[in-house]
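Report on the structure given below.
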Amino acid sequence: MSDAITVSPPATPKVGFVSLGCPKALTDSELILTQLSAEGYATSKTYEGADLVIVNTCGFIDDAVKESLDTIGEALAANGKVIVTGCLGARAAEGGGNMVREVHPSVLAVTGPHATQEVMDAVHAHLPKPHDPFVDLVPAAGIKLTPKHYAYLKISEGCNHRCTFCIIPSMRGDLVSRPVGDVLKEARALFEGGVKELLVVSQDTSAYGVDTKYRMGFFDGRPVKTRMLELVQALGELAAPHGAWVRLHYVYPYPHVDEVLPLMAQGLVLPYLDVPFQHSHPDVLRRMKRPASGERNLERIQAWRAACPELVVRSTFIAGFPGETEAEFQHLLDFVREAQIDRAGCFAYSPVEGAAANELPGMLPQAVREERRARFMEVAEQVSAQRLQRRVGATMQVLVDSAPALGRKGGVGRSYADAPEIDGTVRLLPPEKISKQLKVGEFTRARIVAAEGHDLVGMPV
Ligand code: SF4
C-alpha cells in the first residue's frame, strides 16, 4: 500500500492595511483592498499577523504628515515590511528627495495617491501572489471600508485650481475625470451590493468632465455626457429602484450647479450640498484664488433655496487667512447668518509647507486666528441650532447606522441633512410599538421630538 500524499493548500499571504486621510484616500484604499482580495490575498488586522503592511498616507496638513510618518514607523517596528502609498508618498522633502524615503529609508516601496497598480506591483515583488486567485469571492461591489450601507464614489482625481492655501494639485496633479460609464457601472454595483447611500466625492465635483471637454460616454449602450448634471441625473436614476440616497460633496458655486437643484426638488438626489466656500469676502477669496470667487454666493444660495426649500448647505471656512481684516472677518460672520449655513466647519488658518499663501503679506498671530475661529464657531453653531430646532415636530426619513438589541433600545441614524462622519445624527428612541424593529442599513421614519446640540432626537414611527 502506498502512502497517501496530502497536498496542503499554499498558505494564504496576509497583508496588513492602514488607511489614513480623507474620503478620497479611502476610495483608493478600497480599490487596493478589492484588488488584493481579487488576487487571493488575505488581510490581517494586526501588524504581527501580516506578511507585509501597506500604509495609505495623508499629506494635507502638518498634523496629518506627522501621523502618517509615525504610522509608517510603527508598522516598520512591528512588521518590518512596509509599502507606502497616498498623498504623502508624492511629497518632496526640503532637500528635494522623497520625504517618506528620507525619514524611513527601509520602506519597500513608495507611491503617490491613486496608484493601485503600482502598489500591486510592489506587493507582487515582495509577497508573490498565490497560484489560484479566488476572483469569485469578491463581491461585485468590491471591498468597502465604510459600513456596508454607505459608500464613497470618487468621480475624478486632481484639481485644475490653484488655491493659495492648498498643495493638493502639486501632489495629485490636474483634474482627471473618470469615464462616466465606469463611474455609473461602479455605482450600480454598489447599489446592487446593498449600498443605501452613495457619497459622491472629488476635489471639485462641479468641474466633472471639464478635462474631457464633456466627452460623450456610454453606459448600458446609451450615451451619457461626462458632465455633472448628466452624471447626477443618471446616479439618481440608478439609486431610485433601491430607494437609496445620492449625496453630493465638494461642489463649487458655479452657475451650472443651479441646474442640479430641480433634481433635488424632484427627490432624485438628496437636497444637500457640501460647498467649501472657505470665505465670503471677495478680496479674501481673491487672495485665496478660490474657484468661482467672482460669484455672488449669497444670492446664489438664496436662489437655490427658492428652487428647493429643503436644501441643506454644509460648508467649511478658514478664519484668519493672511491679511484678513476685522471688517473682512465680520463679512464672513454676516454671510454665515444671512446664508443660513446649516452645517459649518472652520479651521484657523495654518500655513502648509509649500503653499503659496505662506508668501502673502499680513500673516496674523496664531492667537488672533484661533480667536476668530472660536468667534466664527459660536455664530455658526447658533445658526445651525436654530435650523435644527425647526425640524422638531417633523417626520423624517432616517438611515439607521447602529441599532443594538435589534433596535429595541433605540439606535443612531442620520437624516438627509447629515452626511456620515462630518454632520450630526438622529438619536432614535426605543420604538413605542413593540413590533417595530430598527435594522442597521435600513431606513425608518422618525418623528423629531427634540434638537440637542448638533443632533436631533427622533421617535421611530
Ligand atoms: S479647489 Fe482649491 S482647495 Fe480644493 S483641491 Fe483644488 S486647489 Fe485645493
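Of the residues screened, residue 24 is not one that is touching a residue at least 40 places away in the same chain (Cβ under 8 Å), touching a helix residue (DSSP H, G or I) at 6+ places or on another chain (Cβ under 7 Å) and among the charged types (D, E, K, R).
Residues in the range 315-342 that are open to solvent by 20 Å² or more (accessible area, probe 1.4 Å) and not in a helix (DSSP H, G or I): 316, 323, 325, 340. Hey, could you check the range 401-417 for residues that are touching a residue at least 24 places away in the same chain (Cβ under 8 Å), part of a loop (DSSP other than H, G, I, E, B) and of a type outside the set (S, T, N, Q) and say which is nearest to residue 313 (Cα to Cα)? Applying the filter and picking the extreme gives 417.
With respect to the conditions (1) more than 16 Å from the ligand (Cβ to nearest atom); (2) at pLDDT below 90, residue 114 falls short on a single one, namely (1). The residues on offer are 453, 411, 424, and the sole one that is farther than 30 Å from residue 350 by Cα and of a type in the set (Gly, Ala, Ser) is 411. Residue 124 meets all of the listed conditions (1) more than 30 Å from residue 166 (Cα to Cα); (2) touching a Pro at 6+ places or on another chain (Cβ under 6 Å); (3) not charged (D, E, K, R) but one, namely (2). With the requirement that a residue be closer than 12 Å to residue 399 by Cα and outside any loop (DSSP other than H, G, I, E, B), what does the range 425-457 give you? Selection gives 426, 427, 428, 443, 444, 445, 446. Of the residues screened, residue 461 is not one that is within 23 Å of residue 311 (Cα to Cα) and not hydroxyl-bearing (Ser, Thr, Tyr).
With respect to being assigned to a strand (DSSP E or B), crowded, with 18+ Cβ neighbours inside 10 Å, modelled with pLDDT of 95 or more and among the hydrophobic types (A, V, I, L, M, F, W, C), residue 380 falls outside the description. Scanning the range 145-178 for residues that are over 17 Å from residue 355 (Cβ atoms) and of a type in the set (Val, Ile, Thr) yields 146, 155, 176.
Restricting attention to the range 161-175, report how many residues are within 20 Å of residue 323 (Cβ to Cβ) and under 18 Å from the mean Cα position of the chain (by Cα).
Step one: of the range 161-175, the residues within 20 Å of residue 323 (Cβ to Cβ) are 161-167.
Next, from what is left, pick out any that are under 18 Å from the mean Cα position of the chain (by Cα): 166-167.
Adding up the residues that qualify gives 2.
Condition (residue is modelled with pLDDT of 90 or more, open to solvent by 60 Å² or more (accessible area, probe 1.4 Å) and not in a loop (DSSP other than H, G, I, E, B)) applied to the range 75-91: is it met by at least one residue? Yes, the range 75-91 has at least one match.
Put simply, of 51, 62 the only residue that is acidic (Asp, Glu) and touching a strand residue (DSSP E or B) at 6+ places or on another chain (Cβ under 6 Å) is 51. Candidates are the residues of the range 264-295 that are more than 15 Å from the ligand (Cβ to nearest atom) and open to solvent by less than 10 Å² (accessible area, probe 1.4 Å); the one that is nearest to residue 175 (Cα to Cα) is 273.
For (1) modelled with pLDDT under 90; (2) not hydroxyl-bearing (Ser, Thr, Tyr), each residue gets a yes or a no:
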position	(1), (2)
6	yes, no
13	yes, yes
25	yes, yes
37	yes, no
54	no, yes
72	no, yes
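In the range 30-45, what residues are in contact with a strand residue (DSSP E or B) (Cβ under 7 Å, 6 or more places away or on another chain) and farther than 20 Å from residue 147 by Cα? Reasoning before the result, please.
Filtering the range 30-45 down to residues in contact with a strand residue (DSSP E or B) (Cβ under 7 Å, 6 or more places away or on another chain) leaves 32-33, 36, 41-44.
Listed by number, the list holds a single entry, 41.
The values are calculated or read from the model by the stated rules, or taken from the named source; none is laboratory data. Bear in mind that the values here come from a model prediction, so they are computed numbers and not experimental data. So basically every Cβ, Gly included, is an ideal-geometry build from the backbone, and we count neighbours across all protein chains shown. Surface accessibility is based on the protein's heavy atoms, side chains included, excluding ligands, DNA and RNA. Shrake-Rupley method; radii C 1.70, N 1.55, O 1.52, S 1.80 Å.
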